Every structure is written in structure tokens, then in C-alpha cells.
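Here's the structure we're looking at; comments come further down.
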Amino acid sequence: RTIHLVPMDHVAGFDIRPGFYETNGATAIPGGVNFTVYSHGATSIDLLLFHREEEEPFVEIPFPEHYRIGNVYSMIVFKLNIEDFEYAYRVDGPYEPDKGLIFNRNKYLLDPYARAVTGQSKWGATSPKGQQHYKARVVKDDFDWGAAPTPLLPTEDLIIYELHVRGFTMHGSSGVQNPGTFAGLKEKIPYLVELGVNVVELMPIFEFDEMEDCREVDGEKLCNYWGYNTVSFFAPNTSYTASTEYNREGNELKSLIRELNQNGIEVYLDVVFNHTAEGNEHGPFFSFKGFDNNIYYMLTPDGKYYNFSGCGNALNCNHPIVRQMILDCLRYWVTTYRV
């Protein structure tokens, strides 16, 4: 009997092979982790692996040229334990700002499909250098939803309560043990039931940068509080959790949604796909700008940013890659988080 082994490459001390090209993001699989990322304009992409909460990578693994199909790069890295690393990308390509091409291989880039983001997990805190370096973690989705179905109530019967996760329980008068968190909101479910509402609509809970334009006025620190400046569309805001959830990010939010559902309350999300936290040409550069600036954003003929949103940029939702990301995101939150 002949056993045919799948050929592998050995790069930077790791065994690798071409991955699953239709599975965006980073996914744990038996024996390793699959990394898939898209870029139309890149000339090369490197995967950077970091020890937990470290700022410099312990290894860089370039995607071999033959691991690219079309504009999709995919690679399985074997013998990786998801609890041992965080990851980012380095993307090289042409620099022609007038054409909207601003590739910069010196930037660490956050995966647009990151399921969990590290780098700003404590509300109102900046990195020691005063600059955020976002990285991603691979999430193990093993949450037990039990048998409780989503209520799926008729539209005409909805009584919607919109709230801000942090603001709803942050004040001492809320009487919760975990103020300003998903867990704190969960403690208030009996109150919501007593009010008679059957839908809780959460203001933005995707990872966002509350330190954008942060300033002090009359001795009070004012943050970008509301969350309408998304950093990552697939990741819940880690500063809204009562405890650290290494590689199980989202479980506290899922527990909240499950208990709301068990009490007959649906969960809606306030979602903003018209702009991101990267702002205009003077804004930060941490994800979409580095992968394909001229695809993810609507640009003027000279490579500047249209600002239809009033927030510095406008996401190019006409482009099929951006449309795919939005649809993937909506499906993800409905299927994985049951919103």
C-alpha cells in the first residue's frame, strides 16, 4: 500500500503548505492554523507571529509566491498553538499616493477578518509608545448555546431598547458587579424584562478606538465614546469585557445574548459600514489602507479620501471585495453570535 504525503515547504523553522483559499482570516485546524488574506496590489505579504502582548514578532513567514491564487494568499502553518501567539501582516507593494497606492512594508497590519483584536483592551489606555499596534488572535469557537432558540419576533410586535454597553451600567446607580461590560448588562436582564422590552439594540460593539481625538476639557478626559469608528468589523470590543478571554474572545458577549434570548429578548446590532477608524490621509494606518487603500476606500482622482461620512473616509461599498467582506461580516454575526 502506497501512502502519498502532501508536499510541504519549510520556512523560518515552520512546516507550511497552501491553505484553504475560500476561508478568510485565521482559522485553527487539526495540526495547525490556516491564514488567508486578500490583496490586489501587493507584491508580497509576510505573516508576523508575536508572543502574547509583545510588540516585536518572534518570526516572519513570507507567503511563497506559489501560495497565491489570483489575489488571495493562503497558507497553513503547522504545529502552532493558538494560545501561544498573536499575529499581524506586513504587506509590500507600490507607493504612488496620487493613484491611491500607499503600500508600506514597515507597518504591522491587522487582518481585516480578525475575530479578536489586541492592542487596546483596556478602556482609555494607550500603548507605551502612544501609538496603537493592533494584532489579532485566533478564536476557538466552542461556546455552548444550549437549546434556546432566537425569539425571531414579528416586526410589528417589537419594543426596542437601544443602549450603549458601557454607559448603561457604568454609573454606580446601576448596582452591578461588573459596570460598563457585557457581564454588567447581563446583570440587568431582570430590569429589561420588567420594562417589557423584547429587543435590545446595542450601539456599536465592534472593536473601535475610543482614543481617537481624545482630549481633555476642563480637567475631564473626553474619549470617542460612542463607537462609530470601527477598527475591526468581525471582533467584539475587548474593553467591554469584565475578564480577559484569551482565544475565546466573544464568549462573554455570547453568554449575554444567550440569556437575553432565553428571556424572550432579541439582540440587534447598530453597525457602521460607511467608514472606519483609519480616517483620511492624516489618520492612522493599521489595516485596510495597507492591504488595498484604493479598493477599500473611495478616493478622489488625486488619491485623497472622499469624506461622505463626515468621519474622514468613505468605505468603497461598490467594490466586490468590500461587498463580500460586509456580507461575510453580517453572516458571521448572525450565525456565530445569533444576533
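The values are calculated or read from the model by the stated rules, or taken from the named source; none is laboratory data. Model, not experiment: these values are computed from the prediction. Don't worry about glycine lacking a Cβ; one is built from the backbone with ideal geometry, like all the others, and counts go over all protein chains shown. Side chains are part of the model used for accessible areas, which takes the heavy atoms of the whole protein and leaves out ligands, DNA and RNA. Shrake-Rupley method; radii C 1.70, N 1.55, O 1.52, S 1.80 Å.
Take TYR73 and tell me if it is of a type in the set (Phe, Trp, Tyr) and within 24 Å of THR241 (Cβ to Cβ).
Details: of a type in the set (Phe, Trp, Tyr): yes; within 24 Å of THR241 (Cβ to Cβ): no.
Spelling it out, it is not the case that TYR73 is of a type in the set (Phe, Trp, Tyr) and within 24 Å of THR241 (Cβ to Cβ).
Tell me yes or no: at least one residue of the stretch 179-200 is on the phi > 0 side of the Ramachandran plot, open to solvent by 40 Å² or more (accessible area, probe 1.4 Å) and small (Gly, Ala, Ser). No, every residue in the stretch 179-200 fails to be on the phi > 0 side of the Ramachandran plot, open to solvent by 40 Å² or more (accessible area, probe 1.4 Å) and small (Gly, Ala, Ser). Could you tell me which residue of the stretch 214-268 is surrounded by the fewest Cβ atoms within 10 Å (Cβ to Cβ), considering only residues that are closer than 30 Å to GLY279 by Cβ and of a type in the set (D, E, K, R)? In this case the residue turns out to be ASP218. Regarding GLY250, is this residue at pLDDT 90 or above and on the phi > 0 side of the Ramachandran plot? For GLY250, the condition - at pLDDT 90 or above and on the phi > 0 side of the Ramachandran plot - is met. Each residue in the stretch 278-294 was checked for being part of a loop (DSSP other than H, G, I, E, B) and not hydrophobic (A, V, I, L, M, F, W, C), and 8 of them qualify.
Residues in the stretch 76-95 that are farther than 18 Å from ASN106 by Cβ, over 20 Å from the mean Cα position of the chain (by Cα) and open to solvent by less than 20 Å² (accessible area, probe 1.4 Å): ILE76, VAL77. Any idea which of GLU212, GLU201, GLU207, GLU162 is of a type in the set (Asp, Glu), in a strand (DSSP E or B), under 15 Å from LYS122 (Cα atoms) and touching a residue at least 24 places away in the same chain (Cβ under 8 Å)? One residue alone meets the criteria, GLU207.
Among the residues of the stretch 215-235, write down those that are part of a loop (DSSP other than H, G, I, E, B) and of a type in the set (Ser, Thr, Tyr).
At the first step, the residues of the stretch 215-235 found to be part of a loop (DSSP other than H, G, I, E, B) are 218-219, 223-229.
Listed by number, the residues that qualify are TYR225, TYR228.
So, restricting to strands (runs of 3 or more DSSP E) that lie completely within the stretch 2-98, which ones have at least 2 residues that are farther than 27 Å from ILE321 by Cα?
On the way: elements: 9-11, 14-18, 25-29, 32-38, 44-50, 59-62, 72-78, 86-92.
Because the criterion is at least 2 residues that are farther than 27 Å from ILE321 by Cα, the strands (runs of 3 or more DSSP E) in the stretch 2-98 that meet it are 9-11, 14-18.
Number of residues in the stretch 165-181 that are closer than 13 Å to THR241 by Cα, out of contact with any Lys or Arg (no Cβ under 9 Å at 6 or more places or on another chain) and either of a type in the set (Lys, Arg) or outside any loop (DSSP other than H, G, I, E, B) (or both): the value is 2. Any chance the stretch 276-285 includes a residue that's surrounded by fewer than 19 Cβ atoms within 10 Å (Cβ to Cβ) and touching a Gly at 6+ places or on another chain (Cβ under 7 Å)? The answer is yes; a qualifying residue exists.
So in the stretch 110-138, with the set limited to residues that are open to solvent by less than 30 Å² (accessible area, probe 1.4 Å) and of a type in the set (Val, Ile, Thr), which one is modelled with the lowest pLDDT? Among those that are open to solvent by less than 30 Å² (accessible area, probe 1.4 Å) and of a type in the set (Val, Ile, Thr), it is THR118. Test PHE103 against the criterion of being farther than 29 Å from GLY93 by Cα and open to solvent by less than 40 Å² (accessible area, probe 1.4 Å), and give yes or no. Judged against the criteria, PHE103 is not a match. Has the stretch 104-111 got any residue that is polar (S, T, N, Q) and under 24 Å from the mean Cα position of the chain (by Cα)? Yes, because at least one residue in the stretch 104-111 is polar (S, T, N, Q) and under 24 Å from the mean Cα position of the chain (by Cα).
Among the residues of the stretch 295-308, just one is surrounded by 18 or more Cβ atoms within 10 Å (Cβ to Cβ), out of contact with any helix residue (DSSP H, G or I) (no Cβ under 7 Å at 6 or more places or on another chain) and not in a strand (DSSP E or B), namely MET298. Residue pairs whose Cβ atoms lie under 6 Å apart, separated by 6 or more positions or on different chains, with the first residue in the stretch 215-230 and in contact (Cβ under 8 Å) with a residue 12 or more places away in the chain and the second polar (S, T, N, Q), are THR230/THR276.
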